[in-house]
Amino acid sequence: MVESSTRLSMVLIVGLLCGGAARAEYMDWSYRWSISPSPVLTSGTGSVTQTLFSYRSRPGGTRIPVAAVTTTSDATIHHPDVYNKTFHLTLHLTDLATRQSGNLTFTGVIRGTLTSNRAYLYESFRYPVEHLTLGKHIYWVRVPSYLRLMPPGSLVVPTYYASVTVLKRWLPPAPAIHSITTSSVMAASIASGPRISASAPEPSGLVLGSMGAVLLGCLGLWRIWG
């Protein structure tokens with residue numbers, strides 16, 4: 001048990017160092033993980049423990065550690081512990097520039113069988129990719145689709161990470177608003193209207209003049225031919 005605890009502690013330390021080494025272009029954010037209903041899921045004599053890497057807020061990165069997963073069981077091969085357990089893994093993000101925060105929740109399930117020396121267990125996530133908009137950025141987070149778990153006492157401790165991509169949110173420019181007064185609208189209407197000079201005849205005068213010219217022409221022809 002002491003050796004197993006020491007091995008797990010070393011894995012956690014290495015994971016933290018590796019997770020902090022890779023940095024995203026936009027680093028002004030922090031995160032922390034939580035899990036429900038419990039980090040320890042039991043079935044029969046067995047248990048699956050997900051040891052989260054961060055209980056407190058940590059600086060963000062392009063690859064952040066999530067958890068190391070260990071198993072214990074006293075079951076025999078003829079009566080294995082059977083798993084079909086659902087859990088919820090939540091990532092709490094904080095955009096430090098705007099102090100806006102939000103959560104991304106990944107629903108996972110652990111299925112399979114477990115004995116004291118064998119494990120046919122898989123951890124998977126229904127929707128491994130989620131995104132969240134905070135301030136001027138969109139956070140895209142991906143966790144592994146599935147993870148194979150090891151039997152109790154294994155020298156290999158499955159550890160998984162999440163990849164984070166931070167994109168700048170595109171905001172359309174605000175439309176220009178011009179103040180329009182009633183007087184300016186009236187002035188524009190008057191200026192754009194048709195202008196009629198004092199010497200120009202009105203439309204009714206033009207019609208009467210045209211009819212008179214036609215009548216005079218007809219009278220002249222009648223005199224010549226009459």
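Read-outs: derived from the displayed coordinates by stated rules, not from any lab. Please read these numbers as outputs of a predicted model, since none were measured by experiment. Cβ sites come from the backbone with ideal geometry, for glycine too, and all protein chains shown count toward neighbours.
Computed over Cα pairs, the Kirkwood radius of the stretch 2-168 leads via Stokes-Einstein (0.890 mPa s, 25 °C) to a diffusion coefficient of 148 µm² per second.
Charged side chains reduced to their Cβ positions (Lys and Arg at +1, Asp and Glu at -1) give the stretch 2-168 a dipole of some 340 debye around its Cα centre. In the stretch 2-168, a dipole from Cβ-located charges (positive for Lys and Arg, negative for Asp and Glu) runs towards its positive end, and of VAL129, ASN84, THR45 it is VAL129 whose Cα lies farthest in that direction.
Summary of packing: across the peptides 65-73, 94-102, the per-residue average of other C-beta atoms within 10 Å ranks them, highest first, as 65-73, 94-102.
To the nearest 0.05, what FRET efficiency results for SER124 and LEU171 with a Förster distance of 35 Å applied to their C-beta separation? Taking R0 as 35 Å, the efficiency between SER124 and LEU171 is 0.45.
Available extension along the chain between SER145 and THR105 is 13.0 nm, counting 0.36 nm per residue and deducting the alpha carbon span. Residues whose amide H comes within less than 5 Å of that of LEU134, counting only those at least five positions distant or on another chain, are TYR139 (H built at 1.01 Å from N in the peptide plane).
Counted residue by residue at 0.36 nm each, then reduced by the alpha carbon distance between them, the extension gain from LYS136 to HIS92 reaches 14.1 nm.
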